[in-house]
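J.: Supplied in structure tokens, the structure appears directly below.
The values are calculated or read from the model by the stated rules, or taken from the named source; none is laboratory data. Note that the structure is predicted; figures quoted are calculated from it, not measured. Neighbour counts run over all protein chains shown; Cβ positions are idealised from the backbone, glycine included. Quick note on the areas: whole protein, heavy atoms, side chains included, nothing else; ligands and nucleic acids left out. Shrake-Rupley method; radii C 1.70, N 1.55, O 1.52, S 1.80 Å.
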Amino acid sequence: MKDDIPESIKGNLAKLKATSQYLLGLINDILDLSRMESGKMSFVFDRHDLNVLINEIYCTFQLMMPEGVELRMRVPEIPVVVAVDPYRLKQVLSNFINNAIKFTTSGYIEVGYYFCTKGDCLHIYVEDTGIGIPEEKQKQVFDRFCKLDEFAQGTGLGLAICQVIAQRFGGEIQLKSEYGKGSRFTLTLPKERIG
């Protein structure tokens with residue numbers, strides 16, 4: 001039956017579907033941010049194997065990679081247990097990876113974690129070989145509705161939401177980026193969340 005639909009109508013249906021998904025995403029992002037900031041969104045903290053959580057994210061996004069972009073996972077052999085809300089942690093990492101996909105046309109996107117040099121915190125990161133972010137614009141990417149590329153998909157709320165989640169975890173988000181070479185977004189968890 002789908003083969004009987006003219007190509008022009010198929011194209012319009014695809015645009016309609018994409019627009020609907022964008023609007024639904026915008027509404028969900030606004031509701032999430034509002035609930036989080038008002039303290040009305042509950043977080044369910046429990047102990048989880050971080051290797052398992054990151055592997056679930058890896059498996060989810062492996063088939064979504066653009067042609068010419070490799071998704072990598074870097075985790076230690078002995079897993080770390082963290083006390084987090086797994087849904088919210090996956091929301092942060094998914095947001096980081098979705099942003100990396102938008103701006104990476106070749107090379108890799110890597111998700112992983114490691115202990116900081118002092119050993120008193122954990123860095124969970126997504127790194128890419130994308131276009132990077134100019135230094136003068138790096139702070140504003142965390143502002144609400146900030147889109148450095150107006151033509152890229154998204155609402156401009158994702159990183160603001162990630163920042164609120166990081167704060168609820170007792171951590172923070174760090175950004176290292178070099179224009180033309182790529183970016184690394186890192187969620188830092190304090191030692192209270194480890195073990």
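J.: Could you derive backbone 3J(HN,Hα) for region 73-87 from the dihedral phi with the Karplus parameters 6.51, -1.76 and 1.60 (θ = phi - 60°), listing whole Hz in sequence and x where the residue is Gly or Pro?
T.: Couplings: 10, 10, 9, x, 5, 8, x, 9, 9, 10, 9, 9, 8, x, 5 Hz.
J.: Lys and Arg at +1, Asp and Glu at -1: add these up for the other residues within a Cβ distance under 13 Å of residue 190 and post the number. Show your work: numbers first, answer last.
T.: Details: positive: 118, 168, 191, 193; negative: 120, 172, 192.
Local charge sum for residue 190: +1.
J.: Also: Which of the residue pairs 118/139; 139/176; 40/191; 90/139; 90/181 have a Cα-Cα distance greater than 20 Å in the structure shown?
T.: Values: 118/139 26 Å; 139/176 11 Å; 40/191 26 Å; 90/139 23 Å; 90/181 25 Å.
118/139; 40/191; 90/139; 90/181, as the Cα separations exceed 20 Å there.
J.: So, one more: Please name which of 130, 101, 71 has its Cα lying farthest along the dipole of region 60-146 towards the positive end, using unit charges on Cβ (Lys, Arg +1; Asp, Glu -1) and the Cα centre as origin.
T.: Positive-most Cα among the choices belongs to 101.
J.: By how many nm would the segment from residue 40 to residue 78 grow when fully extended, if each residue of separation counts as 0.36 nm and the alpha-carbon distance is taken off? Mind showing how you got there, number by number?
T.: Numbers: separation 38, 0.36 × 38 = 13.68 nm, distance 3.58 nm.
Contour length minus Cα-Cα distance gives 10.1 nm.
J.: Hey, another quick one. For region 46-195, which whole-number percentage of the solvent-accessible area (1.4 Å probe, protein heavy atoms only) is attributable to carbon and sulfur atoms? Don't skip to the end; give the middle numbers.
T.: Working: 3970 of 7940 Å².
C and S atoms contribute 50 percent here.
J.: Keeping all protein chains in the complex and leaving out DNA, RNA and ligands, what accessible area do you get for residue 168 with a 1.4 Å probe, in Å² to the nearest 10?
T.: Approximately 90 Å² of residue 168 is accessible to the 1.4 Å probe.
J.: Still on this structure, please answer the following. Can you work out ³J(HN,Hα) from phi for every residue in region 50-67, in order, using Karplus 6.51 cos²θ - 1.76 cosθ + 1.60 and θ = phi - 60°, giving whole Hz and x for Gly and Pro?
T.: Whole-Hz 3J(HN,Hα) from phi for region 50-67: 5, 4, 5, 4, 5, 5, 4, 4, 4, 5, 5, 8, 4, 7, 9, 5, x, 4.
J.: Which far-off residues, 5 or more places away or on another chain, put their amide H under 5 Å from the one on residue 84, with H placed in the peptide plane?
T.: 46, 48
J.: Also, I was wondering about something else. Given that compact globular proteins tend to follow 2.2 N^0.38 Å, what is the ratio of the alpha-carbon Rg of region 53-195 to that value?
T.: Working: Rg = 14.5 Å, N = 143, 2.2 N^0.38 = 14.5 Å.
Working it through for region 53-195, the quotient is 1.00.
J.: Give me, ordered by chain and number, the residues 5 or more places off residue 109 or on other chains with an amide H under 5 Å from its own placed amide H.
T.: The list, which skips near neighbours in sequence, is 70, 71, 72.
J.: How large is ³J(HN,Hα) for each residue in region 167-175, as worked out from phi by the Karplus curve 6.51 cos²θ - 1.76 cosθ + 1.60 (θ = phi - 60°), to whole Hz, x for Gly and Pro?
T.: Computed from phi, the couplings for region 167-175 are 5, 5, 7, x, x, 8, 10, 10, 10 Hz.
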